[in-house]
Amino acid sequence: MLTEHAQLVTWCLGLLATATLTGLGIMLRQWQAGRLVIDRRQLRVRLTGGLVLLAIWVLLGALLVGIDPLSQRRPWVGCFGAVLLLCVLLLMLAMLDMRLLVLNRLRAESRLASETAKLWKQGRDGS
């Protein structure tokens, strides 16, 4: 039987994991319906980030509830190190997502400028 503190931690981490999975599902459905204006690479980066976040929630649950740091030091340190590495990976994925966002915005602005120039040229030639 879990203590009251362990039950609260388990409930909170379960809620966070459920919210993460729900958010990933909603984002995927919106992208399939065409309501999310990102390309495939950016979608893959965001889905990977969501799965990394889900792994962080599971490992935090193991750290806070499942592994005793006093009697099981090596597994606890290994799990803690894995959480830290996943946090660094999540940060790198966020930076990659921002880079892709900026590149997509620049590409769209370039496309808009070339279309505007083409229409401007047609208007001047037609008048």
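Just a few scattered comments:
- Between Val77, Val102, the distinction of being exposed (fewer than 12 other Cβ atoms within 10 Å of the Cβ) and more than 18 Å from Leu13 (Cβ to Cβ) belongs to Val102 only.
- Region 44-71, subset assigned to a loop (DSSP other than H, G, I, E, B) and of a type outside the set (Asp, Glu), residue nearest to Thr10 (Cα to Cα): Ile67
- Only residues that are touching a residue at least 24 places away in the same chain (Cβ under 8 Å) and either of a type in the set (A, V, I, L, M, F, W, C) or farther than 30 Å from Val45 by Cβ (or both) were counted across region 95-127, and they come to 3.
- Flag for Ala62 being at negative phi, within 19 Å of the chain's Cα centre (by Cα), surrounded by 13 or more Cβ atoms within 10 Å (Cβ to Cβ) and of a type in the set (Gly, Ala, Ser): no
- Residue selected from region 3-59 under the condition of a type in the set (Val, Ile, Thr) and within 21 Å of Met95 (Cβ to Cβ), by the criterion modelled with the lowest pLDDT: Val37
- Selection within region 20-43 - exposed (fewer than 12 other Cβ atoms within 10 Å of the Cβ) and either charged (D, E, K, R) or in a helix (DSSP H, G or I) (or both): Thr22, Gly25, Ile26, Arg29, Gln32, Ala33, Arg35, Arg40
- Among the residues of region 1-15, those identified as among the aliphatic types (A, V, I, L, M) and either under 16 Å from Leu47 (Cα atoms) or not in a helix (DSSP H, G or I) (or both) are Met1, Leu2.
The values are calculated or read from the model by the stated rules, or taken from the named source; none is laboratory data. These figures come from a predicted structure and were not determined experimentally. Virtual Cβ from ideal backbone geometry, glycine too; neighbours counted across all protein chains shown.
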